[in-house]
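This report concerns only the one structure given below.
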Amino acid sequence: MTEEELHHKLSARQQRALQEAMELYGSYVKTVIYNVLRSRGTQEDMEELTSDVFYTLWEHAGGVSKGKLKSWLGAVARNRAKSFLRSSKVTLPMDEDVLELPDASPENKALEQDLKRRLLEAVRAMPPLDKEIFLRYYYEYQTMEQIAAAMEIPIGTIKSRLSRGRRKLRQAILEQEAEG
């Protein structure tokens, strides 16, 4: 089944479609949640968050853009996991705050789209090596160890390039805001 067919079935609220989505993307959603929580949540927390993501899909399937189901699920999974950490009083490093997107409520939709556009522009402007490391870490949810092994680069280099990338993104967004 293609993602387009699945999207159509979900939009038509066919119950079998939810099961198919869970079979197709369940591992992906669990991986995203695990990579955000790491050791800060129990197995039960991860299973509950995964269920919440698919419940949210069922409730909002008609609002998911065609061809964007997997990325939508990844974003919802990441946001749910981060919300869990915030409610658990577990904090994320402060320099990652630049990547925090507002919730998807209607009143924040325009702000979210603008921030996504500006982030994408800033990421595209990164040097190729930094861009690859950044995308692997933040969008493919690979650990620093996985990136270092895959790219055959020392982990210290990965850490410093991620830190430098976050600073550059923050600066680029601030400059774009000052211009606009």
**Selection of chymotrypsin sites (Phe, Trp or Tyr not before Pro), the range 117-154, meeting DSSP coil and at most 16 other Cβ within 10 Å** = TYR139
**Request:** Measure nothing fancy, just the Cα-based angle from helix 109-124's long axis to the longest principal axis of the chain, in degrees from 0 to 90, nearest 10.
**Result:** 50
**Message:** From the protein chains alone at 1.4 Å, what is the descending order of accessible area for LYS82, LYS66, largest first?
**Reply:** LYS66, LYS82
**ARG117-LEU129 pseudo-label distance in nm [points 7 Å out on the Cα-to-Cβ vector]** = 3.3
**Prompt:** Once every DSSP H run of n ≥ 4 in the chain is given -39500 (n - 2.57) and the sum is divided by its residues, what mean residue ellipticity at 222 nm do you get, rounded to the nearest 500 deg cm²/dmol?
**Reply:** -24000 deg cm²/dmol
**Complete:** Rg (one decimal) and Dmax (whole number) from the Cα set of the chain, in Å, equal 17.4, 49
**Message:** Suppose a student asked you for the relative contact order of the chain, using Cα pairs under 8 Å spaced at least 6 residues apart; what percent would you report?
**Reply:** 20
**Message:** Given the whole protein assembly as supplied and a 1.4 Å probe, what does the accessible area of HIS8 come to in Å², nearest 10?
**Reply:** 120
**Message:** Between 0 and 90 degrees, rounded to the nearest ten: what's the tilt of helix 43-60 against the longest Cα principal axis of the chain?
**Reply:** 70
**Request:** Along Cα→Cβ, 7 Å out, is where each label goes; now give me the distance between the ones at GLU175 and ARG38 in nm to one decimal.
**Result:** 3.1
**Complete:** Taking Cα atoms only, helix 155-179 is inclined relative to the longest principal axis of the chain by an angle, in degrees rounded to 10, of 80
**Request:** With r as the distance between the Cβ atoms of GLU20 and TYR139 and R0 = 41 Å, compute the FRET efficiency 1/(1 + (r/R0)^6) and round to 0.05.
**Result:** 0.95
**Request:** Order LEU57, LEU129, most accessible first, counting only protein heavy atoms with a 1.4 angstrom probe.
**Result:** LEU129, LEU57
**Request:** Please go through the residue pairs LYS70/LYS168; LYS82/LYS168; LYS68/LYS159; LYS9/LYS82; LYS9/LYS131 and name each one whose alpha carbons sit more than 26 Å apart in this structure.
**Result:** LYS70/LYS168; LYS68/LYS159; LYS9/LYS82; LYS9/LYS131
**Message:** If amide hydrogens are placed 1.01 Å from N in the peptide plane, which non-local residues have theirs closer than 5 Å to the one on MET126?
**Reply:** none
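The values are calculated or read from the model by the stated rules, or taken from the named source; none is laboratory data. Keep in mind that this is a model prediction, so the values were computed, not measured. Counting neighbours? That spans all protein chains shown, and the Cβs are built from the backbone with ideal geometry, glycine included. These area figures cover heavy atoms from the full protein model, side chains too; ligands, DNA and RNA do not enter into them. Shrake-Rupley method; radii C 1.70, N 1.55, O 1.52, S 1.80 Å.
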